[in-house]
Amino acid sequence: MGRTSEDKQDVYHRLSKENGWRAHSAFKLLQLDEEFHLFQGVMRAVDLCAAPGGWTQVLSQKIGGQGSGHVVAVDLQAMAPLPGVVQIQGDITQLSTAKEIVQHFEDCPADLVVCDGAPDVTGLHDVDEYMQSQLLLAALNIATHVLKPGGCFVAKIFRGRDVTLVYSQLRVFFSSVLCAKPRSSRNTSIEAFAVCKGYDPPEGFLPDLSKPLLDHSYDPDFNQLDGPTRVIVPFVTCGVQSAYDSDCGYPQDLEDGSE
Ligand code: SAM
């Protein structure tokens, strides 16, 4: 069994090709669902930063395929169509895109909002983390407009220096927040997923699209959270023990590792 970095990248790429997924990230959502039963009772979902559409395919099969299911997928990039999916091409940090998404859920809110958004990585960790958290906060802001009480929000996070601030912000809106690392996500990547269940905004909270969630003039000392303001969330790995490890190399004749 080889262990070159090329091999490490290959296993879920190869499996996604064999299984018809547009992106190997489909396995991340499937493994998150194995652990957290994300799709249970879900009929309406939003997929933010969706292209090329691996997660949307999963959502389309699990929800859209049920006829009355409704999936809205959004990305800067255009995406090939998928059955039962409404697509919006736009920037989730822009008011116009957020408004277009929210319109689809005015009559009937969503059960699930997912966001696998990633900025173009610069290699400057602080900048990348900041850009990533901007995407996450834009996604959270949209979620506060479309999620029904008790709904679920799943978003990619970078486990960087200030991640506790992100957890604290998420805990304001959800009764349960934890950090999950699917086996299909490489250990060498700081990527993980915040799994937030039980949407329960603070009493009196009024969602406001025009109000950015991150105040740019905030005091950097605010990051030094202490006492009750410091939230430490559980860290969970997911994907069954026998699932392929994204950091290992495997022979070419693989079996489906999605189970
Ligand atoms: N979950 C997707 C899948 O399974 O195919 C993969 C998502 S990919 C890792 C990250 C995506 O985030 C890219 O397609 C990129 O265009 C999108 N993205 C980055 N910034 C965005 C923004 N501000 N608004 C919308 N999409 C954005």
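The values are calculated or read from the model by the stated rules, or taken from the named source; none is laboratory data. Fair warning: this is a prediction, and the values are worked out from it, not measured in the lab. Backbone-built Cβ (ideal geometry, glycine too); neighbour counts: all protein chains shown.
Being more than 18 Å from Pro234 (Cβ to Cβ), surrounded by 18 or more Cβ atoms within 10 Å (Cβ to Cβ) and either away from the ligand (no atom under 12 Å from the Cβ) or under 16 Å from the mean Cα position of the chain (by Cα) (or both), is that true of even one residue in the stretch 167-181? Steps first, answer last, please.
Of the residues in the stretch 167-181, the ones more than 18 Å from Pro234 (Cβ to Cβ) are none.
So far as the stretch 167-181 goes, no, none of its residues is more than 18 Å from Pro234 (Cβ to Cβ), surrounded by 18 or more Cβ atoms within 10 Å (Cβ to Cβ) and either away from the ligand (no atom under 12 Å from the Cβ) or under 16 Å from the mean Cα position of the chain (by Cα) (or both).
Search the stretch 50-75 for residues that are on the phi > 0 side of the Ramachandran plot and of a type outside the set (Ser, Thr, Tyr) and pair each with any residue that is more than 15 Å from the ligand (Cβ to nearest atom) and modelled with pLDDT under 95 when their beta-carbon atoms are under 9 Å apart and the residues are at least 6 apart or on different chains.
From residues that are on the phi > 0 side of the Ramachandran plot and of a type outside the set (Ser, Thr, Tyr), the pairs are Gly67/Gly84.
Considering each of Gly151, Gly160 in turn, give the residue that is more than 16 Å from the chain's Cα centre (by Cα), small (Gly, Ala, Ser) and closer than 25 Å to Gly239 by Cα.
The match here is Gly160.
Suppose we keep only residues that are in a strand (DSSP E or B) and under 17 Å from Cys49 (Cβ atoms) within the stretch 100-117. Which one would you say is farthest from the chain's Cα centre (by Cα)?
Filtering the stretch 100-117 for residues in a strand (DSSP E or B) gives 110-115.
Right, trim to under 17 Å from Cys49 (Cβ atoms) and you get 110, 112-115.
On the way: Ala110: 15, Leu112: 10, Val113: 8, Val114: 4, Cys115: 3 Å.
The qualifying residue farthest from the chain's Cα centre (by Cα) is Ala110.
Could you please let me know if Ala194 is surrounded by 16 or more Cβ atoms within 10 Å (Cβ to Cβ), modelled with pLDDT of 95 or more and closer than 29 Å to Tyr12 by Cα?
Working: surrounded by 16 or more Cβ atoms within 10 Å (Cβ to Cβ): yes; modelled with pLDDT of 95 or more: yes; closer than 29 Å to Tyr12 by Cα: yes.
Against the criterion (surrounded by 16 or more Cβ atoms within 10 Å (Cβ to Cβ), modelled with pLDDT of 95 or more and closer than 29 Å to Tyr12 by Cα), Ala194 qualifies.
What are the pairs with Cβ atoms under 9 angstrom where one residue, in the stretch 1-29, is closer than 23 Å to Ala192 by Cβ and in a loop (DSSP other than H, G, I, E, B) and the other, located anywhere, is β-branched (Val, Ile, Thr) and at pLDDT below 95? Sequence gap at least six, or different chains.
Note: pairs meeting the criteria are His24/Val11.
Identify all residues within the stretch 27-45 that are within 12 Å of the ligand (Cβ to nearest atom) and touching a Leu at 6+ places or on another chain (Cβ under 9 Å); write none if there are none. Even if it seems obvious, please write down each step before you answer.
Step one: filter the stretch 27-45 for residues within 12 Å of the ligand (Cβ to nearest atom), giving 27-30, 32.
Of everything in the stretch 27-45, those that are within 12 Å of the ligand (Cβ to nearest atom) and touching a Leu at 6+ places or on another chain (Cβ under 9 Å) turn out to be Phe27, Leu29, Leu32.
Please pick out the residue among Ser133, Ser189, Ser176 that is in contact with a helix residue (DSSP H, G or I) (Cβ under 8 Å, 6 or more places away or on another chain) and small (Gly, Ala, Ser). Talk me through it step by step, then tell me what you get.
Numbers: Ser189 fails: in contact with a helix residue (DSSP H, G or I) (Cβ under 8 Å, 6 or more places away or on another chain); Ser176 fails: in contact with a helix residue (DSSP H, G or I) (Cβ under 8 Å, 6 or more places away or on another chain).
Answer to the selection: Ser133.
State yes or no: is Asp120 part of a loop (DSSP other than H, G, I, E, B), out of contact with any Ser or Thr (no Cβ under 6 Å at 6 or more places or on another chain) and among the acidic types (Asp, Glu)? Break it down stepwise before answering.
Values: part of a loop (DSSP other than H, G, I, E, B): yes; out of contact with any Ser or Thr (no Cβ under 6 Å at 6 or more places or on another chain): yes; among the acidic types (Asp, Glu): yes.
Yes; evaluated as a whole, the condition is true for this residue.
Can you tell me which residues in the stretch 80-99 are part of a loop (DSSP other than H, G, I, E, B) and over 18 Å from the mean Cα position of the chain (by Cα)? I'd like the intermediate steps shown before the answer.
Restricting attention to the stretch 80-99, the residues satisfying the condition of being part of a loop (DSSP other than H, G, I, E, B) are 80-84, 90-94.
Within the stretch 80-99, Ala80, Pro81, Leu82, Pro83, Gly84, Gln94 qualify.
State all residues of the stretch 140-155 that are touching a helix residue (DSSP H, G or I) at 6+ places or on another chain (Cβ under 7 Å) and in a strand (DSSP E or B); if no residue qualifies, say none.
Of everything in the stretch 140-155, those that are touching a helix residue (DSSP H, G or I) at 6+ places or on another chain (Cβ under 7 Å) and in a strand (DSSP E or B) turn out to be Phe153, Val154, Ala155.
Mind counting the residues in the stretch 101-152 that are within 10 Å of the ligand (Cβ to nearest atom), surrounded by 13 or more Cβ atoms within 10 Å (Cβ to Cβ) and free of Cβ contacts under 8 Å to residues at least 40 places away in the same chain? Spell out how you get there, then give the answer.
Our first condition is that a residue be within 10 Å of the ligand (Cβ to nearest atom); within the stretch 101-152, this holds for 114-120, 131-132, 134-135, 138-139.
Now narrow it down to the ones that are surrounded by 13 or more Cβ atoms within 10 Å (Cβ to Cβ): 114-119, 131-132, 134-135, 138-139.
Remaining after also requiring free of Cβ contacts under 8 Å to residues at least 40 places away in the same chain: 119, 131-132.
The number of residues fulfilling the criteria is 3.
If you check Ala45 against the conditions, is it surrounded by 21 or more Cβ atoms within 10 Å (Cβ to Cβ) and touching a residue at least 40 places away in the same chain (Cβ under 8 Å)? Lay out the reasoning, then the answer.
On the way: surrounded by 21 or more Cβ atoms within 10 Å (Cβ to Cβ): yes; touching a residue at least 40 places away in the same chain (Cβ under 8 Å): yes.
Spelling it out, Ala45 is indeed surrounded by 21 or more Cβ atoms within 10 Å (Cβ to Cβ) and touching a residue at least 40 places away in the same chain (Cβ under 8 Å).
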